[in-house]
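Step one of this worksheet: look at the structure below.
The values are calculated or read from the model by the stated rules, or taken from the named source; none is laboratory data. This one's a predicted model, so the numbers in the text were calculated from it and none came from an experiment. Quick reminder, even Gly has a Cβ in these numbers, built from the backbone with ideal geometry, and neighbours come from all protein chains shown.
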Amino acid sequence: MTQKQRATQPSSKTLPKAPTGIQGLDEITGGGLPAGRPTLVSGGAGSGKTLFGVEFLVRGATEYDEPGVFMSFEETIPDLTQNAASLGFDLDRLVAEKRLFLDHVHISRSEIAESGEYDLDGLFIRIADAVQRVGARRIVLDTIEALFGEMPNPGILRAEIRRLFDWLKQKGLTTVITAERDRPDKLTRHGIEEFVSDCVIVLDHRIREEISTRRLRVVKYRGSTHGTNEYPFLIDEHGISVLPISSLGLDHAASAARVSTGIDRLDGMMGAKGFYRGSSILLSGTSGTGKTSVAAHFVDAACRRGERCLYFAFEESPRQVIRNMRSIGIDLEPWVRKGLLQFHAARPTYGGIEEVLLVTHKHISSFQPSIVVVDPITNLLMVSTLNEVRSMLTRLVDFLKTQGITAIFTSLTAASGSLEASEADVSSLMDTWLLLKAIEVGGERNRALYVLKSRGMEHSNQIREFVLTNDGLRLLDVYLGPEGVLTGSARVSQEGREKAVVTFRRQEQETRRRELERKRQIFEARMVMLRAEFEVEEETIKQTISESELLGEEMLQDRGQMVRSREADTSAYKKDGGAPAARKR
Amino acid sequence: MPKTKTKTRARTRKPRPGKPEFWNLRLYVAGQTPKSIRAFANLEVLCERHLKGRYRIEVIDLLEHPEMARGDQIVAVPTLVRDLPGPVRKIIGDLSNTERTLIGLALQPVV
């Protein structure tokens, strides 16, 4: 819708093509319808042929600067204008701007008789006049076969219609001829496909299991490659959108940038950085394991970074999601009000799988988010077969990857059966797969998660228990017991046991420390006692010494007196009188 | 319009009192093709025989007035439109089959 280019392609070797501007169709046809040639659009009643034609002209006039003429052989102009308005096209304005010319060819069989030869020059002149009035490059004949019902002599009519197609081709008008298909073995009621050899598109509207799907197929495109599959398409207030079943190639860029999961410790489990930007993440688990909560964390974190998020809720209403997430401390409402977060809630049963896909596409294209959440994809199985869901998801994943959008898909696993096997069908599409599970041990259920795979990054192999608190989801420490990871009460009791061991050790240390102290006190007390004893002894000894000294002197004195009294030589006794006595001791 | 090729041949005569019905006929053609010349000739003969004095033929060449094709919902040429007396009837072709033309115009042949 954004690109504006002329109808003719720059490359002269390839067939020039006129882009239809119809979402997705130009992709299938490799650029549009053959320019300057007729294209047959065939389909049953109510298959959208007229709207196809209208959109082809409106887009041509508004986006590619190619005015158009609509020759209606069935609907009146007011009816046509009104029907086009339901697709958001204002035909009156385009007519007033001379970019579109509407002509209603009405013939009533009751008032017509035939007499002799005739030709369709009247129609030719009308068309030529209309084309000239707006300078048309495109024209739609809807449905020219109606003439067979109104005009006599089908032989002449066939020849004239053939001449008309040749004439339109000569004039270089890109023409869409619609035709009613009432039998599966024939493209048109009167076999006019013989005259249109360039391009044939078949529209189909079928009902299966009470759900209607519209499909489009390019049956033939002379001189050009084209997708040959049946492509689902949708008609809504923005016109027709066709979706290629499989994208053309796996050539999307792979970003090395990472985005946080919004849960610190979960980031930690994936190389401390989180998911790759633009990757697809599968969150699977049985009911009540917290899939939406994990997704909500991711959304909340993205909105905090100022990124836009688109949330497809296939099970809960937006209000319900917001309320429930508030209970774990995530308030999404401000993001909705700021326009960063958009919810789209609908039961897939509303319109079938193709419609879901197309609606998803449309919202993504118009909102341009960087994060998309689909919650849950399992609800899609309600409306379709596994095969179709898988093909739809493949297309969605491819589309998201080419847009570089990070996507989270939640998937509900049935309580019975293997957790991993049931998801095998979609898991191969996903880059990262987080498995949430309930672990039942000791009469209680606890939540645990692990990273089952994560392409292109290191990731933890641990099964981690988590709890949903008022503050959000919290991953807990890993406690391994003899039977694996301990959760819930078992974890609590293990935590208790570990605490007890620590306490015991601390007490033991305390006791030892006290023992030491006691010993030191005993030791010190003994020291004091010993010193006291020593002091007593010392005192005694000192007394003894002084007593004996005293005694020695007295003896010397006594001896001196005796010498003096005997009048002998006194020098020897005076000099070292005490020494012999001290040596004796 | 530079040259008006439109042949508006009015052969109006006063309608007779007993038969007030006046026929207003328009013949749409696309140029002077053999078919259109034939159609006009056939029509004139027929009118002279059955509607003498109470008819008017207007020949409209759509090449000159293409927009007029829309007004009368003309697809095929030649187309003869009986405007009056109502209801509107159309006959396509060169009018070579007189019987069918008379039936188409709901004209009672005058004996």
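Observations, loosely collected:
- Qualifying residue in segment A:283-301 (condition: in a loop (DSSP other than H, G, I, E, B), modelled with pLDDT under 90 and in contact with an Asp or Glu (Cβ under 8 Å, 6 or more places away or on another chain)): no
- When segment A:322-354 is filtered for residues that are in contact with a Leu (Cβ under 7 Å, 6 or more places away or on another chain), under 27 Å from A:L475 (Cβ atoms) and in a helix (DSSP H, G or I), the ones remaining, listed by number, are A:I322, A:M325, A:W335.
- Of all residues in segment B:82-111, those being β-branched (V, I, T) and surrounded by 20 or more Cβ atoms within 10 Å (Cβ to Cβ) number 3.
- Filtering segment A:98-132 to residues that are under 21 Å from A:L80 (Cβ atoms) and among the β-branched types (V, I, T) leaves A:V105, A:I107, A:I127, A:V131.
- For B:C47, the conditions (1) in a helix (DSSP H, G or I); (2) touching a residue at least 40 places away in the same chain (Cβ under 8 Å); (3) under 10 Å from the mean Cα position of the chain (by Cα) are fulfilled apart from (2).
- Some residue of segment A:386-404 being assigned to a loop (DSSP other than H, G, I, E, B) and crowded, with 22+ Cβ neighbours inside 10 Å: no
- Residue count, segment B:50-62 (criterion: outside any strand (DSSP E or B) and of a type outside the set (A, V, I, L, M)): 3
- Answer residue from segment A:139-182, given it is under 13 Å from A:V105 (Cα atoms) and among the aliphatic types (A, V, I, L, M) and is farthest from the chain's Cα centre (by Cα) among those: A:M151
- Of the strands (runs of 3 or more DSSP E) that lie entirely inside segment A:22-112, not one contains 2 or more residues that are under 20 Å from A:L358 (Cα atoms).
- Residue within segment B:65-87 that is within 9 Å of chain A (Cβ to nearest Cβ), polar (S, T, N, Q) and in contact with a Gly (Cβ under 8 Å, 6 or more places away or on another chain) present: yes
- Filter pass, A:L357 being assigned to a helix (DSSP H, G or I), in contact with a helix residue (DSSP H, G or I) (Cβ under 8 Å, 6 or more places away or on another chain) and outside the structural domain of A:D236 (by TED's automatic domain parsing): yes
- So A:Q557, is it assigned to a helix (DSSP H, G or I) and at pLDDT 90 or above: no
- Among the residues making up segment A:119-129, a single one is surrounded by 23 or more Cβ atoms within 10 Å (Cβ to Cβ) and among the small types (G, A, S): A:G122.
- A:R277 vs. criteria farther than 30 Å from A:P38 by Cα, touching a Ser or Thr at 6+ places or on another chain (Cβ under 9 Å), among the charged types (D, E, K, R) and surrounded by fewer than 18 Cβ atoms within 10 Å (Cβ to Cβ): yes
- Entry remark, segment A:122-161: residues being touching a Ser or Thr at 6+ places or on another chain (Cβ under 6 Å) and not in a loop (DSSP other than H, G, I, E, B) number 3 in total.
- Residue satisfying all of: in segment A:195-230; at pLDDT 80 or above and among the acidic types (D, E); surrounded by the fewest Cβ atoms within 10 Å (Cβ to Cβ) among these: A:E230
- Hey, A:V105 buried (at least 20 other Cβ atoms within 10 Å of the Cβ), within 12 Å of chain B (Cβ to nearest Cβ) and closer than 26 Å to A:R181 by Cα or not: yes
- Among the residues of segment B:61-89, those identified as of a type in the set (D, E, K, R) and either modelled with pLDDT of 90 or more or more than 22 Å from A:I161 (Cα to Cα) (or both) are B:D61, B:E64, B:R82, B:D83, B:R89.
- Those residues of segment A:130-178 which are surrounded by fewer than 20 Cβ atoms within 10 Å (Cβ to Cβ), within 11 Å of another protein chain (Cβ to nearest Cβ) and at pLDDT 90 or above, in sequence order: A:Q132, A:R133
- Among the residues making up segment B:49-64, a single one is facing chain A (nearest Cβ under 7 Å) and either surrounded by 21 or more Cβ atoms within 10 Å (Cβ to Cβ) or small (G, A, S) (or both): B:L62.
- When segment A:474-533 is filtered for residues that are polar (S, T, N, Q), touching a residue at least 40 places away in the same chain (Cβ under 8 Å) and part of a helix (DSSP H, G or I), only A:S489 remains.
- Within segment A:63-102, the only residue that satisfies the criterion of being free of Cβ contacts under 8 Å to residues at least 40 places away in the same chain, over 20 Å from A:I235 (Cβ atoms), buried (at least 18 other Cβ atoms within 10 Å of the Cβ) and away from chain B (no Cβ under 14 Å) is A:R99.
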